[in-house]
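First up is the structure itself, then whatever we jot down about it.
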Amino acid sequence: MSPDRRGIGMTSQRARNRLVEHLRGMGVSSERVLEVIRTTPRHLFVDEALASRAYENTALPIGYGQTISQPFVVAAMTQALLESGPMNKVLEIGAGCGYQSAILAQVATQVFSIERIAALVNKLRQRLHELRVTNVRVRHGDGRRGWSAHAPYDAVLIAAAAGDIPADLVDQLAPGGRLVMPVGRPGDQELVLLTKLEAGLKVEPLHRVSFVPLVEGLG
Ligand code: SAH
């Protein structure tokens with residue numbers, strides 16, 4: 001690419017830097033998370049027709065009625081888990097296009113991801129393979145049940161909203177483990193951080209958010 005063409009496309013480093021500064025302005029303070037957002041090619045997780053919008057702080061359609069999460073929400077969830085304890089084994093529910101999985105892969109030792117729509121699972125496996133992400137294991141399933149074979153988890157991230165926190169996922173948390181998820185009804189959801197303490201569960205509200213619902217069964 002000639003020097004004068006560099007930095008023109010919306011997939012350019014300049015667009016990514018602008019997104020990172022925007023997230024910083026919204027309160028994302030973890031330099032590690034900001035750096036991972038800066039270096040992860042979000043435009044490769046959406047259809048080519050949407051690539052020019054990939055570095056806007058917005059959710060975008062990924063087909064099957066689902067969306068790639070808004071970068072702010074990905075950053076906020078990742079930061080909440082990263083700053084509250086270890087990240088050796090992380091369980092992700094609702095992998096979608098795999099963008100959040102790729103972000104987690106860079107701050108965790110091992111990521112286990114579940115997605116209920118088979119077509120998305122196939123696409124996301126291929127995409128992670130192409131990007132040489134090797135520490136994410138993907139499974140087609142109903143994430144509300146978790147993935148007991150690899151439990152306990154240091155952290156659980158749920159990228160779809162439910163009225164309450166799925167009990168199986170809390171059970172699969174290690175002592176001191178954290179879970180982040182949107183809780184509430186459409187139009188009235190809050191991101192919460194749950195910590196599994198000896199004395200019981202601590203639940204802290206983080207942000208108002210808008211997610212697709214956590215759906216029962218397979219798609
Ligand atoms: N983190 C994803 C967001 C995808 S949107 C990304 O960055 O692309 C939420 C995803 O949760 C959708 O793909 C949807 O199919 C999935 N989902 C909803 N209910 C689920 C369930 N019970 N188990 C697993 N995945 C589920």
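The values are calculated or read from the model by the stated rules, or taken from the named source; none is laboratory data. What you see is a predicted model; the values in this text were computed from it and never measured. Every residue, glycine among them, receives a Cβ derived from its backbone with ideal geometry; neighbour counts consider all protein chains shown. Surface accessibility is based on the protein's heavy atoms, side chains included, excluding ligands, DNA and RNA. Shrake-Rupley method; radii C 1.70, N 1.55, O 1.52, S 1.80 Å.
A few remarks follow.
- For the chain, DSSP calls about 50 percent of its internal beta bridges antiparallel.
- Applying 0.36 nm per residue to the separation of Tyr64 and Gln126 and subtracting their alpha-carbon distance, the gain on full extension is 20.6 nm.
- Ordering of 63-76, 178-191, 206-219 by packing is 63-76, 178-191, 206-219, highest average first (other Cβ atoms within 10 Å, averaged per residue).
- With R₀ set to 25 Å, the beta-carbon distance separating Ala199 from Ala167 gives a calculated FRET efficiency near 0.85.
- Carbon and sulfur %, accessible surface of the chain computed with the full protein complex present, 1.4 Å: 50
- Per-residue Karplus couplings for the range 35-41, computed as 6.51 cos²θ - 1.76 cosθ + 1.60 with θ equal to phi - 60°, are listed in order as 5, 5, 5, 4, 9, 8, x Hz, Gly and Pro entered as x.
- Förster-model FRET efficiency, 22 Å R0, Glu216 and Ser52, C-beta, rounded to 0.05: 0.05
- For the chain, size of Cβ-based charge dipole, Lys and Arg +1, Asp and Glu -1, in debye: 620
- Couplings 3J(HN,Hα) for the range 127-134, derived from phi with the Karplus relation 6.51 cos²θ - 1.76 cosθ + 1.60 (θ = phi - 60°), are 5, 5, 5, 4, 8, 6, 8, 10 Hz, where x marks Gly and Pro.
- One chain, two ends: Met26 and Ser148. Fully extended at 0.36 nm per residue, the span grows by 40.3 nm beyond their Cα-Cα distance.
- One decimal place: the segment Asn135-Thr109 gains 8.7 nm when fully extended, by the rule 0.36 nm per residue minus the C-alpha distance.
- With Cα atoms as the point set, the radius of gyration and Dmax of the chain evaluate to 16.7, 61 Å.
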